[in-house]
Each structure stands twice: as structure tokens, then as C-alpha cells.
Amino acid sequence: MVVVQESEIVNLLVAFFALVIVEVVFRRRRLSELSFFYTGFFSLVGAFVFTVLEGVFWGGFFNGLEHLCYAAAGLSFAVGCYRLSSRRAL
Amino acid sequence: MQNLMIVVFDGLATLFFAFAIYRALLIPAGRLDNFSRYLLVICLAIYFFVSGANVLEYAGITAYFDGLEDYFEILFLPCFMFFLFAYDARLEINRRNRTEEALSASEKLYRTLVDNIDLGVTLIGKDHRIRMTNATQGRLFRRDPATFVGKLCYQEFEGRKEVCGHCPGVRAMASGKAQEEITQGVRGDGSRFDVRIRAFPLLDAAGETDGFIELVEDVTIRLQTEQALRENEAKFRALFDLAPMAVALTDLQSGRLIDVNMEFCRTTGVSCRDVLGRSVVELGFYSESDRQDLLVALQQKGEVNGLEKTFMVKGQPRHALMFSRIIELQDNRFVLTVFNDITEIKKMEENLQRIARIESVGILAGGIAHDFNNILTGVLGNISLAKIYCQPHDKVYDKLRETEYAALRARDLTQQLLTFSRGGEPVRRSASVAALVREASDFVLSGSRVRAEYDLPDDLWPADIDSGQISQVVQNLAFNAVQAMPEGGTIAVSAENVTIGDHEASPLAAGRYVRLSYADDGPGIAAEHLPHIFDPYFTTKKSGNGLGLAICHTIIKRHRGLLTVESRVGGGTTFFIHLPAAVTAPQPAATAADLLYGSGRILVVDDEEIILEIAREALMLLGYEVETARDGQEALELYGRAREAGRPFAAVIMDLTIPGGMGGKEAAAKLLEYDAQARVLVSSGYSNDPVMANFADYGFVGVVPKPYHIEGLSRVLRDIL
């Protein structure tokens, strides 16, 4: 039985849209210092994907992956913020 | 188990996000503006909340927020996008700020450079309107640089009404390359100054020519300096070239001539073009050892002053007085040498020494002649007296006459000695030139292979001459002719009367002259020698001293006459003598029968006892009463006493030269002061003394040259008494 919430679908669609924007617009620009933020963002997008997938099949496995992605995203953002806050002003 | 793993994952995520929020708040403001910061914090807070909610949910704790996290998650993405946009915008702003700051710094640097550079800098558009100029340009033109902007460059900088024909900017725009021009700028006060302008094309962003940049330099002082240097160069070059001393610049090591002046070439007799680059040794001026000697002296003292050195010119040694110094030019060492060819000076010195020797001989000869005249006076006087005392038909009379003739010849000889010794003024009397020439020539030619042919007209005018001196001239000419014709020949001697008019081109003054020509048919004189034959010491004869013709020339000149020569090699030589004609007839030689008797008291002054005795006896024989004095002082005393006693002297015969006592000139002057009517005759063995020639200038009324004889004495006394 497929159990997918609407919000998860919306989140996924918005995430894909955001992903395109990030890939097309920002990563081609000089925002390399936000690379850990991008990693965190990709991890969260992965979490959105796994959230949807866990409702379709292998619910336990994808649910674990989803929360692992949360942890990875948290780590990435933490490192990103740490590095950004440790540098001098531009 | 799975729930525990999820709790751990979300727990870690919660901690990480919490840490991230903490660090996000510490991100410097210059790196992250507040808006971006808040967006980031919101993003992180969403997942802090989601992770925390999940931990509670999977830990079995009451999930108060169950389901809410899904909505929060929806907020994350737009917030994160906004964050990225805001951050990107912030970065762009920062970039722009940095660019503007860099531009501002560059502008400041550029302005500092342009304003402080020592050149006037001006940006000028294609339309020649000034866009910008710097402070230096203002200083150069003595104006506020701001007043130039927007105006036409040719009006502001050169005071013109149209574009300058020489404008380097126009050329720079046309060629695309830098151009240069030196012209004159006009200052604000109207004064002009020299400027050097370098113009570069000014390109716009598209690479098209948009105008030009001018760099202006005040070169007034530089041009003046260059002009002064050029003038100095020209001045010193002229001095170098026209210096009367030879100047040479040679390389110290090689001895090669780097530069020489015209006098150097003239002195050494070589072409200036041929000597440059060649060494003095190669040219044969010095030997290498001579050059080395000079270099050693230069190295030791730095300079050489007044060194006399012999150098060779065309194989002939020349003497030089040399001044040398080592100089450095462009790191190379050279020898600057100035020298003077003193060969002629040394010859002149030798001549002067010879003249000094001759003068000393002349003084000796003059003294001998003077003494000899005194002796001859005694001889001739006694002969005259003896002739008077005997009868003309006596045999002794003839012997006396011959003795007298011989004594007169001796007198002539002393006359020549005096002429040689002093070259004094001739004592001119009216005399027959024909008789004198014939007698003097025959005297020389007798015994030689040369014969004289005379053409001496009877109506030849007498001339005012010193017979002794003119005889010497004729004898010299005859002697030269004999030497010129060792194998024999003929001398054509002729004379004629000539008159020089006022407007005739002649070195002679207008008047009447006796022109005597003396022509031999010898080998003649080379043309190059003719201008020099009257120069002292010029001779072509091995045994000659070069004085004969020089003395002749001097004698004739002192007679106010002229001695000239015409000669042609192989065509013989002719000398012409012009002598001033006399206005009076020649005085005939006196004889015993011509004795002129008189009366009166005569005072004879002489230091020679024999002369006093002869004079006393002769004058007493002539009827005069005689007193004698040994010098001028005694004569003055006797003259004074006689006058006071009422027995004054009718005449005084005063010897000109009295050793150790008052001479005739001084005594005559004092005597005339005492008695202006005194009649004083001058007598001297120096018959060609200037006083004798110009006796009237010294107050004398007549001359009695020694040796005098009784006939002449009687005539002179008759003339003045």
C-alpha cells in the first residue's frame, strides 16, 4: 500500500525545482564557499526523495536513509557555518 | 532498533543544526548581511525543529508537533533559495564595491602621478579641446590648469587661431604612433618659452582614436645650454683651428692622432686628412723611443711644459717647444700636445748672437777708427804743414803728396770701418757721382778679370752724398760682380739724371735724382732669392756673411735714395741706385795754393795732444791766434775768461768725444747758453756720428771731420768767420 503525503510530494517537486535553480544558477557562479551548504541542501533533497520512496516500498530502509540524510545535512550546514564564521569579512 | 537509529540520526542532526545556528549568528557582517543571516538561521531552525520533532516522535515522547514538521520543511526550500539569492546579491555588491575601491585607488594613483610628474600632461580630444591637464602644465604656462579644460589647445598653449601646422598630436592620431616636436609655448603673461612636446594617440574602449595625450617639457634652459655648448664648441673649435700654435690630440697608448689643427698641418707639412688615425711614429715625426720618453715624462709629472724637442718634417729636423698634458675623454686617455715650431726663432737667436758678435767687433772697429783718425789727423796735418814748408818742385813734395794720398786712403778705410761699426747717418756733401763711381769701381776691379765700361755723362748732376759710404756701396756691388763672374766679364756702369714727379708711383719722394746702374753679365739671381738679397745674413755664397748688400741698402736708404735690382737667371744682374741730386756744385779739393788765411782768436778743444799741436801750428800758419783746451770744462773757462778780458774767441773747434771729460755736444750747449753768438765747429773721428750729420741741430755752425788737413780747415774757418 502506497502511503505518500501531499506535502511530501510538494516538497519533492519544490526541491527538484530548487535543485535546478541551484545547479543552473548558483553553482555556476562563484559561490564555492557555500559548497557545504549545497551538500546539506542535496542531502535534504535526498531526504525528500527517500521520504516519498519509503511510502512506496522498503519503508524502513528509506526511512532510515531519510534520517541519515537529515544528519548529513545537519553536519554539512554545521561545517559550512563554522567555516563561514571562521573567515574574515569579504 | 530502527527507531533507535533514527533517534540517533535525528539527534545528531538536531545538534548539528543547533551548532550551525550558533555559528551562523557569528558569521561576520561583512561576509553575510543581516537579511541573509536571518534567512539562513530560519532555514537551519526549520530543520532543527524538524530533527528535534523526529527525535521526540521516534523516542516515543509525546509528539506535540507531529505533522507540523512537514509544513516547516516546505518553508525551507524557499528560504534557502532566498538565502542563496541574497547571498549572491551580497557578493555582487561586495565585488562592485571592491572594483569601485580599486578604481578609486587607481584614480588617486593616476592623479598623484599625473599631478606630480615633472611634465605637463594634457588629454586633448580630436576636436583639439582640452579634456584634462595636470598641475605641471599649469606651472609651465603660469596659469590655473583648470582654466584650460574645454578650450582649444592651440589657442591656449601657442596663442594661435588655428591648428598648429607642426602639431604632433595630429601626426600621432594619423600615424597611431608617438610624435615629437620642439616649439614655443605662450605663458599666461604672454612670454614665450621653448617646449618639447611628445604626443601619443588616445584610444577609446573600441580602440578607435579619440584624441591624443601631450607630454610637455620646458626645454628653454636645455636649449639655451645646448646652444651655449654649440657656441662654445664652435668657439673652441675656431680657437683650436686658428691657434697660431700646432695642437694635436693623440691616443695615449697607440700614439694615433685623433685630432689636429690647421697650424699642426702647416707646421708638419702634411694634409690634415692624411694624418688622422695614423701614429706620430708612423708619420715619422718622432721615433718610438722619443715618444716613449715623452710618455714617461707625462706619466711622472702629468704634464710637460716648455720641453724643447726635435721632430722631423720631410726628413728635415725641426725644433719644437712643446707643452703636453694627459686628458681623459669618455674614459679614454689622450695626450693633448701644443707645440710651436721654434726653428726660425732659434735661427733668429743665432743671428742675434751673430749680430751681437758683429756689434762688439763693430764697437772695437769704431774705437780703432776713432783712434786711427786722431793719428791720421797728426799725419795729414804734418804732411800739410810739410807741403807748405817745401816748394812744389821739390822731390820731397811729391813724396809728401803720395804720402798724403796714402793717408787719405787710410782715412777712407777708417770711414768704412765707422760705417760698418755704427751704420750712422751719412755726412752728406755735394759730390760728383761719376768720379766717385769710377774711382771706387777701378779700385775693386784692378787685378781682376772683370772690366768696367762706363757711360757717365759729363752733365751728370752732383749728388748729396757721403762719399765714403757711397764708395763702400759701389765697391760692394763691384765686388759682388767680380765674384759672380770668376771667369771674367764686363760691368756696364752708367748714370743719368732723372726727375721724379709729384704724381709718379715711386717709393722716392718727388725731386731730382742721379740714377746709377751697375749691370754685370753674370749668371743672374734666382727668382726665389731676389726678394731676400737685401735681408741681413742672406747669402748664397759659401764664404759670404750676407751683410754686404744689406749695408748697401741701408746706406742708400739713409741717403734718401733707392737701391733696386733686376736679374734673370742667365741674363745678368743690374743694380739701380737713385741718389738725391745736390742743389750746390761739388766742392773742389783744396790745394796748398788754396789756403785761405784769416785772423782772430781760435779755441781748439781736443783730448789728443798731437791734434792740439797740429791744429795750433796750422791755424797759426793761417794767421789765427790759437789757444787749446783738453776738455769742454776747460774750454768754457777759457772762453769766459777771454770774453771778460775783452779778447773773445772768434771760433771754437770742439772735439765731439772727450773720454773722461765734458764732450763737444754738452760743452757747445753750455757755451751757447753763455754766448749765443759763439761760433762753434764740431770735430770728430766719428765722422758719421749723427751730431756730425746734423750739426746745426746742436748749435754748431760747421763740421771739421777728422782727420782734417789744413786746406779744409782754412776753408771752413773762412766760411764761418
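Using the 1.4 Å probe convention, the accessible area of region B:433-580 works out to 49 Å² per residue with neighbouring protein chains retained.
Sorting B:ASP293, B:ASP655 on solvent-accessible area from highest to lowest, probe radius 1.4 Å, gives B:ASP293, B:ASP655. Counting only alpha carbon atoms, the long axis of helix B:467-484 and the longest principal axis of chain B meet at about 70°. With 27 Å as the limit, the listed pairs B:LYS309/B:LYS541; B:LYS557/B:LYS670; B:LYS151/B:LYS177 have B:LYS309/B:LYS541; B:LYS557/B:LYS670 beyond it between alpha carbons. Site-free segments of chain B were taken between GluC sites (Glu not before Pro) in DSSP loops having at most 13 other Cβ atoms within 10 Å, sites themselves excluded; the longest one is B:209-486.
The protection proxy used here, the mean number of other Cβ atoms lying within 10 Å of each residue, ranks peptides B:313-319, B:192-198 as follows, highest first: B:192-198, B:313-319. Using the charge dipole of chain B (Lys, Arg: +1 at Cβ; Asp, Glu: -1 at Cβ; taken about the Cα centre), state which of B:GLN633, B:ILE577, B:TYR58 has its Cα farthest towards the positive end. The residue sitting most towards the positive pole is B:ILE577. Rounded to the nearest 20, the Cβ-based charge dipole of region B:592-720 about its Cα centre (Lys and Arg +1, Asp and Glu -1) stands at 380 debye. When the solvent-accessible area of the protein assembly as shown is split by element, carbon and sulfur atoms take up 56 percent of it, the probe being 1.4 Å.
Here chain B is described by how far its Cα atoms reach on the three principal axes: 204, 69, 57 Å, from widest to narrowest.
Lys/Arg Cβ at +1, Asp/Glu Cβ at -1, dipole of the protein assembly as shown taken about the Cα centre: which of B:LEU713, B:GLY546, B:HIS532 is farthest positive-ward? Comparing the listed Cα positions along the dipole, B:HIS532 ranks first.
Residue by residue along B:91-104, Cβ atoms of other protein chains within 10 Å of the local Cβ number 1 on average. The angle separating the long axis of helix B:68-116 from the principal Cα axis of greatest extent in chain B is about 10 degrees. Note that chain A presents 51 Å² accessible area per residue, ligands and nucleic acids not counted, probe 1.4 Å. Considering every residue in A:45-57, what mean count of other chain Cβ atoms within 10 Å of its Cβ is obtained? Across A:45-57, the average partner-chain Cβ count within 10 Å equals 1.
Counting only protein heavy atoms and a 1.4 Å probe, region B:117-224 has 51 square angstrom of accessible area per residue. Taking only the alpha-carbon positions of region B:2-94 and ignoring solvent, what does the Debye formula give for the base-10 log of I(q)/I(0) at q = 0.11 Å⁻¹? Summing over Cα pairs of region B:2-94 leads to -0.37.
Quick one: angle between helix B:288-301 and the longest Cα principal axis of chain B, in degrees between 0 and 90, rounded to 10, please. Tilt of helix B:288-301: around 70 degrees. Diagonalising the gyration tensor over the Cα atoms of region B:592-720 and scaling each eigenvalue by 5 before taking the square root yields semi-axes of 19, 17, 14 Å, largest first. Only lysines eight or more places from B:LYS395 in sequence, or on another chain, were considered; those with a Cα closer than 23 Å are B:LYS387.
Placing +1 on the Cβ of every Lys and Arg and -1 on the Cβ of every Asp and Glu, with nothing else charged, gives region B:433-580 a dipole about its Cα centre of roughly 460 debye. Adding -39500 (n - 2.57) for every DSSP H run of four residues or longer, then dividing by how many residues chain B holds, sets the calculated 222 nm ellipticity at -15500 deg cm²/dmol.
About its Cα centre, the dipole of the protein assembly as shown is roughly 860 debye, where the only charges are +1 on Lys and Arg Cβ and -1 on Asp and Glu Cβ. Ranking B:GLY30, B:ALA440, B:SER506 by how far each Cα lies toward the positive end of the dipole of the protein assembly as shown (charges on Cβ) leaves B:GLY30 at the top. Solvent-accessible area lost on pairing B with A (1.4 Å probe, both sides summed) amounts to about 3700 Å².
Determine, at each q value in 0.06 (inverse angstroms), the log₁₀ of I(q)/I(0) that the Debye formula gives when each Cα of the protein assembly as shown is one equal point scatterer. Here log10 of I(q) over I(0) equals -0.75.
With a 10 Å cut-off around each Cβ of B:23-30, the average count of Cβ atoms from other chains is 6.
When Rg and the Kirkwood Rh are both derived from Cα coordinates, the Rg/Rh ratio for region B:668-721 amounts to 0.97.
The values are calculated or read from the model by the stated rules, or taken from the named source; none is laboratory data. These figures come from a predicted structure and were not determined experimentally. Virtual Cβ from ideal backbone geometry, glycine too; neighbours counted across all protein chains shown. Side chains are part of the model used for accessible areas, which takes the heavy atoms of the whole protein and leaves out ligands, DNA and RNA. Shrake-Rupley method; radii C 1.70, N 1.55, O 1.52, S 1.80 Å.
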